[in-house]
């Protein structure tokens with residue numbers, strides 16, 4: 001996947017840099033993530049929070065409408081195991097799909113975006129810091145670290161896998177997923193996948209669990 005760039009407001013970082021498992025010296029980091037999109041389907045997450053609550057993010061508030069006409073977004077519903085789709089018209093409006101436009105696309109969740117030509121999507125908002133726990137349900141769901149941290153879901157970002165959990169990583173070039181399965185001790189399919197900022201994956205969890213993520217600012 002193309003490289004991703006994270007730019008955080010300089011004033012907010014005057015006290016230090018983001019680290020994992022470190023003491024908090026400053027909070028309320030506001031900035032933006034610029035994610036380059038390739039022609040076709042891109043599998044991306046929202047990793048910034050629009051208003052600081054962590055709960056009020058939607059497709060419209062997260063990515064806006066500044067895309068080529070006929071751009072489409074596909075949002076996975078784990079309850080139905082189906083995608084919901086909304087499409088951008090030439091007038092700069094998303095088609096009326098209430099489920100997609102009103103359902104939360106909160107930090108840590110993601111979606112497919114299909115574009116006709118290379119472009120960029122810019123997320124603006126707050127970095128979710130501190131210790132936060134997110135429910136993981138048995139079955140397929142779209143996930144990413146809730147904060148803009150590159151690395152693995154487990155070692156870097158604190159997800160504890162269960163035997164036979166699998167992670168499906170999207171390849172823009174081939175339009176196929178690569179599957180990594182957890183044996184109980186190691187990941188198959190090329191090892192523990194390294195994710196970039198701005199990259200979502202499918203997680204097929206064997207059982208319900210919780211994912212506790214820690215992102216502090218030093």
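A few notes on this one:
- Here residue 199 fulfils each of the conditions (1) in a strand (DSSP E or B); (2) under 19 Å from residue 73 (Cβ atoms) apart from (1).
- Summed over region 62-81, residues that are outside any loop (DSSP other than H, G, I, E, B) and either surrounded by fewer than 16 Cβ atoms within 10 Å (Cβ to Cβ) or not assigned by TED's automatic domain parsing to the domain that holds residue 116 (or both) total 1.
- Which numbered condition residue 159 fails, given (1) assigned by TED's automatic domain parsing to the domain that holds residue 43; (2) free of Cβ contacts under 8 Å to residues at least 60 places away in the same chain; (3) under 15 Å from the mean Cα position of the chain (by Cα): (1)
- Within region 175-184, none of the residues are in contact with a strand residue (DSSP E or B) (Cβ under 7 Å, 6 or more places away or on another chain), at pLDDT 95 or above and part of a loop (DSSP other than H, G, I, E, B).
- Residue list for region 52-61, restricted to those being in contact with a strand residue (DSSP E or B) (Cβ under 8 Å, 6 or more places away or on another chain), surrounded by fewer than 19 Cβ atoms within 10 Å (Cβ to Cβ) and closer than 19 Å to residue 35 by Cβ: 60
- Within region 206-218, if we keep just the residues that are over 19 Å from residue 107 (Cβ atoms) and modelled with pLDDT of 95 or more, the residue that is surrounded by the most Cβ atoms within 10 Å (Cβ to Cβ) turns out to be 206.
- Looking across region 93-120, the residues that are over 19 Å from residue 39 (Cα atoms) and either part of a loop (DSSP other than H, G, I, E, B) or at pLDDT 85 or above (or both) come down to 93, 95, 96, 97, 103, 104, 105, 106, 107, 108, 109.
The values are calculated or read from the model by the stated rules, or taken from the named source; none is laboratory data. Please read these numbers as outputs of a predicted model, since none were measured by experiment. Don't worry about glycine lacking a Cβ; one is built from the backbone with ideal geometry, like all the others, and counts go over all protein chains shown.
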